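The structure appears right after this line, and notes come after that.
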Amino acid sequence: MKPYFWPVLSLVFLAGSFACSPKGDSPVQTAIENKIREQLGDPSAKLSFNTIEKIDSSTFGQEFARRRATLELRLSKNEELMQKYLGTRQSAKASEKSALIKKDKEHIAALAELEKELCDTLPRTAFYEYKFSGTARKSDGTKVLIEDMHAAVTPDFEVLAMTWEGNSILKYTGKVIPGYTELFNE
């Protein structure tokens, strides 16, 4: 046998033993479990996952673009409604829309400024989207079935949002952008 055979065989055996060893909870799973317990209002709830898989990710740049598009759509709708109200001589409603238009423009400008400040972070991953199924057993014995739930989890394992509707998870992810929450909670 060649002299390099035994060290290579030892490494293969060692790697195989690690691959077959039982795995503990991942930090993502632990974060999701803690969020579910929080939402159930039961810190002692026992959770069991049938599946948990990463299905998507989003960068800060993508999140800024998504937020900007949402604000611009809202601005456009408010401008259309204001014109409609002016055309039908509903000045009170037109005035309300005018105030909202002003606020939308301020938010778009502030978001652009925030994006400039954070330009170095734009290519970095903001969050991962996971899809999971399982069960939770509350401390009172109640069993809760969890099917096809989605969670947005940051790289440092903060759960931003959880929902049963995968396409709606993006409604809640703006807060991953530093300063975004403060911008909209004036």
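Just a few scattered comments:
- Cross-link table K35/K103; K102/K171; K84/K175; K105/K171; K77/K175, entries beyond 26 Å C-alpha to C-alpha: K35/K103; K84/K175
- Gyration tensor over the Cα atoms of the chain: the corresponding equivalent ellipsoid has semi-axes (square roots of 5 times the eigenvalues, largest first) of 47, 24, 13 Å.
- Length gained on full extension, R89 to T51: 8.0 nm, using 0.36 nm per residue less the C-alpha separation.
- At 0.692 mPa s and 37 °C, Stokes D of region 61-120 from Kirkwood alpha-carbon radius, µm² per second: 265
- Theoretical FRET efficiency, 1/(1+(r/R0)^6), r = Cβ-Cβ of Q39 and T59, R0 45 Å, to 0.05: 0.95
- On full extension, the segment bounded by K131 and F184 gains 16.2 nm, given 0.36 nm per residue less the C-alpha separation.
- Mean ellipticity per residue at 222 nm, deg cm²/dmol - from DSSP H runs of n ≥ 4 across the chain, formula -39500 (n - 2.57): -16500 deg cm²/dmol
Values in this text are rule-based calculations from the coordinates and carry no lab data. Just so we're clear, the structure is a prediction, and the values are computed from it rather than from any experiment. Methodologically, a virtual Cβ is constructed for each residue, glycine included, from the backbone with ideal geometry; neighbour enumeration extends over all protein chains shown.
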